[in-house]
1. Along the Cα-to-C-beta direction of residue 272, a point sits 7 Å from the Cα; which residues of segment 153-173 have their amide N less than 12 Å from that point?
2. Can you list the GluC sites (Glu not before Pro) in segment 221-289 that are in a DSSP coil and have 13 or fewer other beta carbons within 10 angstrom?
3. What is the calculated FRET efficiency for residue 215 to residue 117, with r their C-beta to C-beta distance and R₀ = 45 Å, to the nearest 0.05?
4. How much FRET efficiency would the formula 1/(1 + (r/R0)^6) give for residue 58 and residue 35, where r is the Cβ-Cβ distance and R0 is 25 Å, rounded to 0.05?
5. Measure off, as a whole percent, the carbon and sulfur share of the 1.4 Å-probe accessible area of segment 1-129, all protein chains present.
6. At 0.36 nm per residue, and after removing the present C-alpha to C-alpha distance, how many nm does the segment from residue 75 to residue 156 gain when stretched out fully?
7. Short version: what are the Cα gyration tensor semi-axes of the chain, square root of 5 times each eigenvalue, largest first, in whole Å?
8. Please list the radius of gyration and Dmax for segment 126-178, considering alpha-carbon atoms only, with Å as the unit.
Amino acid sequence: MNNLKRVDLNLLVTLEVLLTERSVTRAAERLNLSQPSVSIQLAKLREIYHDPLLLPGSRGMLPTARALGLLTPLRQTLADLGRLVAAEQPFDPLQAEMTWQLAAADAAEYAILLPMLPKLRLAAPQSRLAIREASPKTMSRDLADGVIDLGFLAREEAPAELRHRQLFHENYLLVGRRDHPLLQTPPSLEQFCQLEFVMISQDGGGFRTQIDTLLEAQGLTRRVVMSLPHFLFIPTLLARSDMVAMLPSRMLGELLGDLRTWPVPLELPGYDMVMVWHERSHLDPAHSWLRDQVVTSLE
């Protein structure tokens, strides 16, 4: 490392041209320098390597054994340096062999990843997707460490230090089986409170959400009889019982089956779903392309 500090890397370019041309005159022409300038650089190179490197000959200059030994690694090093400082190549999804790490709750998998997948497979057939559980508590660190590339969270859960883009606004619907005895017509608020609810508690074991706070402000309560950490089990559970759930509208789609939805008889705010990523990935062409795929698939 100490030797590198005293070497002008341009000298290595001159050395490679001199060893290729074996002529100060021709080397000067290729480098667009004067012959005296190239001669001065050759003198510096001889001092650095403690070797004459090039000697006068009948048909031009002859490289020494040390110089011949330097030529191949010198060309490789210059090629590597050229790639290091070259302009970044455009991202080609058709040829890319990427493994993208995405973090999403299962509701976001249905609402975001499922619409994106067909187009993504066609555009980037050599690439893979790894889907991880979204954890608001570790999202910032996981993105900074490169454990994940993109995350999907409700805006209020998204760490402020991350880049983000809003994807859509989500609303909740009341969901239950089609032949539910208490839901043959849209329920009143009083009927709503008589239903048996199953709810999502990502941390496990929770039985309270903002719905309960809003109801209590009106002197009402509802019955939450089960909490689950994931959405996936809920459609089957609702279809086989008289339980109901408040679910994000975009995740329902094909999951409805024998279920149906009703508007909520309560002024219930929704939430903004955002895509989050770290600053270190913001200008990466592949990452930018992936973000665009997410956005266009939801349009």
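The values are calculated or read from the model by the stated rules, or taken from the named source; none is laboratory data. All values derive from a computational prediction rather than experimental measurement. Methodologically, a virtual Cβ is constructed for each residue, glycine included, from the backbone with ideal geometry; neighbour enumeration extends over all protein chains shown. To get the accessible areas, we keep the full protein, side chains included, count just its heavy atoms, and leave off ligands, DNA and RNA. Shrake-Rupley method; radii C 1.70, N 1.55, O 1.52, S 1.80 Å.
1. Answer for this model: 154-158, 164-170.
2. Those that pass, being in a loop and sparsely packed, are 267.
3. 0.75
4. FRET efficiency, residue 58 to residue 35: 0.80.
5. 56 percent
6. Fully extending the segment from residue 75 to residue 156 adds 23.8 nm.
7. 69, 18, 14
8. For segment 126-178, the Cα radius of gyration and maximum Cα-Cα distance read 14.5, 46 Å.
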